[in-house]
1. Restricted to the range 44-80, and to residues that are more than 18 Å from MET23 (Cβ to Cβ) and of a type in the set (Ser, Thr, Tyr), which residue is farthest from the chain's Cα centre (by Cα)?
2. Checking the condition at pLDDT 95 or above and either on the phi > 0 side of the Ramachandran plot or surrounded by 16 or more Cβ atoms within 10 Å (Cβ to Cβ) (or both), which residue from VAL225, VAL246 passes?
3. Check PRO201, PRO216 and return the single one that is out of contact with any helix residue (DSSP H, G or I) (no Cβ under 9 Å at 6 or more places or on another chain) and not basic (Lys, Arg).
4. Name the residues in the range 265-284 that are in contact with a Ser or Thr (Cβ under 9 Å, 6 or more places away or on another chain) and either surrounded by 24 or more Cβ atoms within 10 Å (Cβ to Cβ) or modelled with pLDDT of 95 or more (or both), would you?
5. Being more than 15 Å from the chain's Cα centre (by Cα) and touching a residue at least 12 places away in the same chain (Cβ under 8 Å) is the filter here, so list the residues in the range 84-111 that pass it.
6. Please go through the range 228-263 and pick out each residue that is free of Cβ contacts under 8 Å to residues at least 12 places away in the same chain and among the basic types (Lys, Arg).
7. Just to verify a result, which residue in the range 198-222, among those that are in contact with a Gly (Cβ under 7 Å, 6 or more places away or on another chain) and under 23 Å from ARG188 (Cβ atoms), is surrounded by the fewest Cβ atoms within 10 Å (Cβ to Cβ)?
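The values are calculated or read from the model by the stated rules, or taken from the named source; none is laboratory data. A quick note: this is a predicted structure, and the numbers were derived from the prediction, not measured. Counting neighbours? That spans all protein chains shown, and the Cβs are built from the backbone with ideal geometry, glycine included.
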Amino acid sequence: MSNNGRMKVAILGSGNIGTDLLMKTLRSDSLECTRFIGRDLSSKGITKAKELGIKVSDKSIDEILENPDCCQLVFDATSARDHLHHWSLLKETDKIVIDMTPSKAGKMIIPAINLDDAVSCRNVNMISCGGQASIPLAYTLTEVCSGIEYIEVVSSIASRSAGPATRINIDEYIENTEEGLDAFCRCRRFKTILILNPAEPCIDMQATISAKMKKPDIEKIRDAVSRMEKKIQSYVPGYTIIVPPVYENNRVVIMVRVRGLGDYLPSYAGNLDIINCAAIATAEMYADQIRNGLLNLSKARTI
């Protein structure tokens, strides 16, 4: 912990995700960003960090390995391939790693569902933006309904919010979201669809979850979905159910909108904001556990 009682964190990756994470750590009462790391000191992200007085580096993972006391937790906002290399080195240390990439190396965490599971693991994965938005609702449906035959998730995001890394990793996005659905939901058939909408002005992120079933208790579903919405809003304020559960054509349908906080990214980029908010909530949980003497990093599992 730093002198002010906050957990020291490093952000690895100076792109949009990493820079937005930086802005969120500055607002946190539990976290202090002590390193902002990339590969190019002239990048927009590192330039922004320097303006804010944050210590920066262009030495990538070597900055952490050469200065092990600089942080207790690492946000890895690079790429899936790079994360696997980074983790092969960091798992030999006592660092906690929150993986923002589609590498699938760590424990899948959705704060509204299984935040407590992160306590025993030093590498946790945020799955995907669509997963953070839709899986909690699909999970809720499978918790209160029996006999769900099929779940479909359709996410629509502004084309401008999908950078080069997102476009390259669309297959991984779909695979990760479906693996998350499989891991958290009591249903064996899933389908995930991602739409990049080029509309101007840019649309907010929206996700539609539909579940095929017979004779659901729609009021029971609505109550459960409303409770889940409030849990997510505790760390993603822009998360709003815009179409409460309805039953038609043998399917329960729910639609959610995610509007970003606008910390660094545009507010329409709710798809990026939600995964960052989930990562911050997870990091703050670790910070609270360490502050209260409830977490021994040397004993936490590396997966």
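1. Out of the qualifying residues, it is SER57.
2. VAL225
3. PRO201
4. Within the range 265-284, the first condition is being in contact with a Ser or Thr (Cβ under 9 Å, 6 or more places away or on another chain), and the residues that meet it are 265-266, 268-273, 275, 280-281, 283-284.
Matches in the range 265-284: PRO266, TYR268, ALA269, GLY270, ASN271, LEU272, ASP273, ILE275, ILE280, ALA281, ALA283, GLU284.
5. LEU84, HIS85, HIS86, TRP87, LEU89, LEU90, LYS91, THR93, ASP94, LYS95, ILE96
6. LYS230
7. Filtering first and then ranking leaves LYS214.
Table: residues versus (1) within 15 Å of the chain's Cα centre (by Cα); (2) within 30 Å of ILE96 (Cβ to Cβ).
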{"position": "GLY131", "(1), (2)": "yes, yes"}
{"position": "CYS145", "(1), (2)": "no, no"}
{"position": "ALA158", "(1), (2)": "no, no"}
{"position": "ILE168", "(1), (2)": "no, yes"}
{"position": "GLN206", "(1), (2)": "no, no"}
